[in-house]
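**Student:** Structure below; questions to follow.
Any read-out appearing in this document is the output of simple, stated calculations on the displayed coordinates, not a laboratory observation. None of the values given here were measured: they were computed from a predicted structure. We place every Cβ from the backbone using ideal geometry, glycine too, and count neighbours over all the protein chains shown.
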Amino acid sequence: GLLHEALTYFVRTIKAAPHLWSAWEDLAMLVDSEQKLHNLDLPKHWIRNVFYARCYVELHKPELCVYICKELTQIGFQNSTHILLLQAKAYETGAELQLARTCCEDARTIDPYNLDSMDIFSNILFVLEDYHALASLAQKCIETEKYRFETCIVVANFYSIRNDHARAIQYLTRALRMNPDYPAAWILLGHEFVEGKNHAAAINAYREALDLNRRDHRAWYGLGETYEIIKMYNYALYYFKEAFALKPNDSRYSNALGEIYERTQKLHEAKKCYWRSYCVGDIEGNALAKYAHVCDLLKDEETTARAYMEFIRTQELRQVKNFTEFSQAAVFLANYHVKKRQYDQACSYARKCLEFPEVKNAAKDILNKITGLREGQQQLKEKESIQQQTSAPIPTAKSTIHEFDSSSTTTID
């Protein structure tokens, strides 16, 4: 209740002892907006830039954090593991996981015995599904310091990627006994309870994370996902909106909102959400297909066709196919072009369908239909040509003579 007074005293402490990083860390937890950050009366000290980078991660401005970290590396902090790991966290927040992994690996090369933020590194490896790298990291963390809470989280992620969720919960519970004020551990515990179908425990874990940090979008999203699973869509909608408010440029959250709107038959709202997901980057790569599907439900055939065409084009450029959405798009476009009597385009999309077993028979039916339509069209043309030839007038001998006589008549004086 006395947050403003606490903020004032932290600023006084920092002015008296600028090198006291723990004061900067506690102050960062009280900064909940960019405006409040810039209104702080902080001393002009190099460590202030590190503080700004730390705050920008919490305020979901990863690009600004990365910019500051790069500036710091150019003025002598290129071997600072703290700066590298802060940059890795920013990249992870911005969903640039390969860059985040590179920063973590560089930090481990500089100091292989430093376990700070190794839980974040293990999260990155888990999402990248690099089983062997995660196993190696877990082994090295155990050898370095077995009973540290970061080690417990790394080991929990290792068991989770092996689908041993009971052991993962055991290690996360151990980590929370050591450090119960760490929101990320509560969120991971919530994920594990969801995997184990213990939805009540998952909701409690996510709520614990929110009690510690109301700005953690992952906890809001986890609650929304859990309520969606148990089909309490109004609750899910509320929590997804909160996550979206914290990260409006994250396509995963606008996608989640779109799915809830679609489930509750609010198709126009769903359409807007999917379009926004596509416009802000579409991390999952299927927003345009979902947008097209909603347009199809709204009977907007032309918009559906344009959206599916763009979806197929982008999927082929990326050389990564979301098989279900891709096959549905190809079938729709094949039928669409058949209706338009554009048989070459229809054949092209129908042949794309042959790659997918679930729509292969439908594709063959479309190709057979096109062949039949083309044959019928050819037969019709031939019939029309014969009719034109038979209906043309045939000149008679009498008329020919008459025409000759009339044309050759001359006047004789």
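**Student:** Averaged over all directions, how much area does the convex hull of the C-alpha atoms of region 1-110 cover when projected, in nm²? Spell out each step's value before the answer.
**Tutor:** Details: hull surface 28.3 nm².
Taking a quarter of the hull surface, the average projection is 7.1 nm².
**Student:** Tell me what the chain gives for mean residue ellipticity at 222 nm when only DSSP H runs of n ≥ 4 count, each as -39,500 (n - 2.57), the sum divided by the residue total, rounded to 500 deg cm²/dmol. Intermediate values should be presented prior to the final figure.
**Tutor:** Numbers: 23 runs with 313 residues, N = 413.
That calculation yields -24500 deg cm²/dmol at 222 nm.
**Student:** Relative to the longest principal Cα axis of the chain, at what angle does helix 149-161 sit, 0 to 90 degrees, rounded to 10?
**Tutor:** Helix 149-161 sits roughly 30 degrees off the main axis of the chain.
**Student:** Something else now. In the chain, with Lys and Arg counted as +1 and Asp and Glu as -1 at Cβ, which of these residues, 82, 245, 13, has the Cα nearest the positive end of the dipole, that is, farthest along it?
**Tutor:** 245
**Student:** Cα-based Rg (one decimal) and Dmax (whole number) for the chain, in Å?
**Tutor:** Reported Rg and Dmax, both Å: 33.1, 135.
**Student:** Return the loop-located chymotrypsin sites (Phe, Trp or Tyr not before Pro) in region 113-191 (DSSP other than H, G, I, E, B) with at most 15 other Cβ atoms within 10 Å of their own Cβ; answer none if there are none.
**Tutor:** Details: sites: 113, 121, 126, 131, 147, 149, 158, 159, 171, 186; in loops: 113, 147.
Loop-located and lightly packed - 113, 147.
**Student:** Go through 339/360; 290/369; 140/197; 89/290; 36/272; 15/36 and tell me which ones have a Cα-Cα distance over 23 Å in this structure. Please list the in-between numbers first.
**Tutor:** On the way: 339/360 20 Å; 290/369 28 Å; 140/197 31 Å; 89/290 30 Å; 36/272 32 Å; 15/36 18 Å.
The pairs that break the limit, which is 23 Å between Cα atoms, are 290/369; 140/197; 89/290; 36/272.
**Student:** Can you list which of the chymotrypsin sites (Phe, Trp or Tyr not before Pro) found in region 23-78 are DSSP loop residues with at most 15 other C-beta atoms within 10 Å? Walk me through the intermediate numbers first.
**Tutor:** Numbers: sites: 24, 46, 51, 52, 56, 67, 77; in loops: 46.
The qualifying sites are 46.
**Student:** Here's another thing I want to ask about it. What trypsin sites (Lys or Arg not before Pro) does region 71-165 have in DSSP loop regions with at most 16 other beta carbons within 10 Å? Numbers along the way, then the final one.
**Tutor:** Values: sites: 89, 101, 108, 140, 146, 148, 162; in loops: 146, 148, 162.
Qualifying residues, ordered by number: 146, 162.
**Student:** Just from the alpha-carbon atoms, what are the Rg and Dmax of region 66-152 in angstroms?
**Tutor:** In order Rg, Dmax, the Cα atoms of region 66-152 give 12.7, 37 Å.
**Student:** Among 259-267, 222-230, what's the highest-first ranking by average C-beta atoms within 10 angstrom per residue? Walk me through the intermediate numbers first.
**Tutor:** Numbers: 259-267: 16.7, 222-230: 20.8.
For the peptides 259-267, 222-230, the packing ranking is 222-230, 259-267.
**Student:** On C-alpha positions alone, give me the angle between the axis of helix 165-178 and the longest principal axis of the chain, in degrees, nearest 10.
**Tutor:** 40
**Student:** Using only Cα atoms and rounding to the nearest 10 degrees, what angle (0 to 90) does helix 183-195 make with the longest principal axis of the chain?
**Tutor:** Approximately 50 degrees, to the nearest ten.
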